[in-house]
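Heads up: the structure comes next, in structure tokens.
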Amino acid sequence: MDRAPFNQVLTGLAAAGEATRLRLLAILCDAELTVSELVAILGQSQPRISRHLKLLVEAGLIERHREGSWVFLFAAQSGPGAAMTSKIVSSIAADDPILLADRARLQEVRETRAGQAARYFATHAGTWDKVRAMHVAEDRVDSAIRDAIGAGPIDAVLDIGTGTGRMLELVAPQAGRALGIDQSPQMLSVARDRLDRAGLRNVQLRQGDMFALPVERNGFDLVILHQVLHYLDDPSRALREAARTLRPGGRLLVVDFAPHLEESLRTDHAHRRLGFSQDEIAGFMADAGLDVTLARELAPDRLDGGKLTVSLWMARDRRVVSDALPLDVREMA
């Protein structure tokens with residue numbers, strides 16, 4: 001367990017040692033929530049909730065991030081604050097009536113979110129269905145992705161352009177933590193509902209620009225760009241920014257279309273690029289300091305009924321971590 005200095009532990013315990021703040025801490029271990037949602041769950045005023053949240057953030061027990069005009073709060077994900085939060089909340093009886101009542105109201109919040117996501121998805125589902133019908137079946141793609149990633153545990157996963165959160169739903173069960181980033185607040189709402197339904201508590205979602213990712217350098221073992229690059233004017237730049245987030249020896253998975261002639265995707269669905277060749281992606285990866293270790297094409301068959309081939313590329317960061325190097329030197333590599 002991560003250990004903290006005496007004063008940090010004292011500050012954390014003081015922050016958690018109040019009824020409202022302990023309730024906030026417990027509910028934020030279950031879900032990522034806005035201030036207004038926390039107000040609805042706890043039935044207290046916004047200024048009061050905000051003051052308590054400020055103390056918890058300052059103590060390092062919870063984190064916050066901005067998504068447009070909204071601010072989301074969630075339990076600390078790493079370091080001494082995360083360890084302390086987990087230990088404190090796990091000490092509370094699971095059938096405690098106060099927490100049961102809070103979780104019942106949390107379920108009401110989730111149902112409201114689900115309704116909003118369903119309305120947005122219903123509006124746009126026709127567009128997505130038309131594109132999906134043009135390529136190989138998704139279960140074939142998912143199986144190929146699983147094969148490429150392997151079945152072993154992954155410490156940290158980043159999904160860039162997460163959209164509906166389908167890749168996070170696929171990969172997060174084998175991850176210690178997972179983060180999805182998307183530019184669209186509406187798509188993040190859809191993803192948030194999907195991941196809530198899947199019961200995935202190790203996933204966070206964040207609004208951000210894929211060309212200036214709001215994440216740390218050298219922070220992830222696996223980064224995914226699934227059906228993202230064809231929307232971009234400068235896919236090479238996006239791959240360089242994705243590579244920046246990889247730990248030494250980390251992997252980058254790209255899933256996109258092979259070259260095709262379906263101009264309707266450009267005119268009707270805002271695709272900037274009509275697929276990518278193996279050599280083109282290999283060149284982009286090399287520019288980003290990565291070596292392609294796997295390239296695979298999934299061509300549609302008679303049962304798929306589609307026209308487009310889906311390609312997968314797995315690349316690895318060239319840097320190698322040596323146990324002979326001290327940690328601070330390895331992190332600077």
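Structure values in brief
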read-out	value
Count - residues of the range 96-106 that are charged (D, E, K, R) and either more than 19 Å from Gly199 (Cα to Cα) or assigned by TED's automatic domain parsing to the domain that holds Ile41 (or both)	1
Meets criteria (more than 24 Å from Ala156 (Cα to Cα), under 27 Å from the mean Cα position of the chain (by Cα) and assigned to a helix (DSSP H, G or I)) for Ala104	yes
The range 248-263, subset over 17 Å from Ile181 (Cβ atoms) and assigned to a strand (DSSP E or B), residue modelled with the lowest pLDDT	Phe257
Test: residue in the range 290-306 that is of a type in the set (A, V, I, L, M), closer than 28 Å to Val157 by Cβ and without any contact (Cβ under 8 Å) to a residue 12 or more places away in the chain	no
Subset of the range 211-240 [within 25 Å of Glu297 (Cα to Cα) and touching a strand residue (DSSP E or B) at 6+ places or on another chain (Cβ under 8 Å)]	Asp221, Leu222, Val223, Ile224, Leu225, His226, Gln227, Val228, Leu229, His230, Ala238, Leu239
Odd one out for Gly283, checked against (1) touching a Phe, Trp or Tyr at 6+ places or on another chain (Cβ under 8 Å); (2) over 19 Å from Thr162 (Cβ atoms)	(1)
Residue match in the range 90-106 (condition: in contact with a strand residue (DSSP E or B) (Cβ under 9 Å, 6 or more places away or on another chain) and modelled with pLDDT under 95)	yes
Residue list for the range 261-282, restricted to those being in contact (Cβ under 8 Å) with a residue 60 or more places away in the chain and of a type in the set (A, V, I, L, M)	Leu265
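Quick grid of which residues meet (1) crowded, with 18+ Cβ neighbours inside 10 Å; (2) among the hydroxyl-bearing types (Ser, Thr, Tyr); (3) closer than 16 Å to His65 by Cβ:
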position	(1), (2), (3)
Val136	yes, no, no
Ala144	yes, no, no
Asp182	yes, no, yes
Leu188	yes, no, yes
Leu205	yes, no, yes
Ala212	no, no, yes
Glu216	no, no, yes
Phe220	yes, no, no
Val228	yes, no, no
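The values are calculated or read from the model by the stated rules, or taken from the named source; none is laboratory data. The structure displayed is predicted, hence computed values, not measured ones. Positions of Cβ are backbone-derived with ideal geometry, glycine not excepted, and every protein chain shown enters the neighbour counts.
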